[in-house]
Amino acid sequence: MAFHALVTLSIGAVLVDPTHFHQYQEVARAASEAKHMAKRVDGSSLFIDQRRMPFGRRLLEETSPIRPDVRSEVAFPPLSHAI
C-alpha cells in the first residue's frame, strides 16, 4: 500500500492599493512573491505581503484577530487536528 502525505495549503496574499500598483502585472508579480514566501514554510501557511502598503499593518491590526507578531507568516494546525 502506498503512503500519501496529507494535503497542505499555502496562501500568499497582497493588499492591493491602486496608488501603489499601476499595471496588473505588478499585482501578479507581488502575488507570486507572496505565494513563494508562503511555500517556504513547512505545512500549511499564510503569508501577507505588507511591504507596499504604508498603512497595511495598521489596517490589519484593526481587522485581524491574528496576533501582530505572527501576522506576516501564520502556520495552520495539521488537518488531523482540525477534524
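Tabulated data
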quantity: Scope the stretch 1-39; condition among the β-branched types (Val, Ile, Thr), part of a loop (DSSP other than H, G, I, E, B) and within 15 Å of Gln50 (Cα to Cα); matching residues; calculated: Val16, Thr19
quantity: Residues that are touching a Leu at 6+ places or on another chain (Cβ under 9 Å) and at pLDDT below 90, drawn from the stretch 1-42; calculated: Leu6, Val7, Thr8, Leu15
quantity: Filtered residues of the stretch 26-41 (kept if free of Cβ contacts under 8 Å to residues at least 12 places away in the same chain and of a type in the set (Asp, Glu)); calculated: Glu26
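The values are calculated or read from the model by the stated rules, or taken from the named source; none is laboratory data. Bear in mind that the values here come from a model prediction, so they are computed numbers and not experimental data. We place every Cβ from the backbone using ideal geometry, glycine too, and count neighbours over all the protein chains shown.
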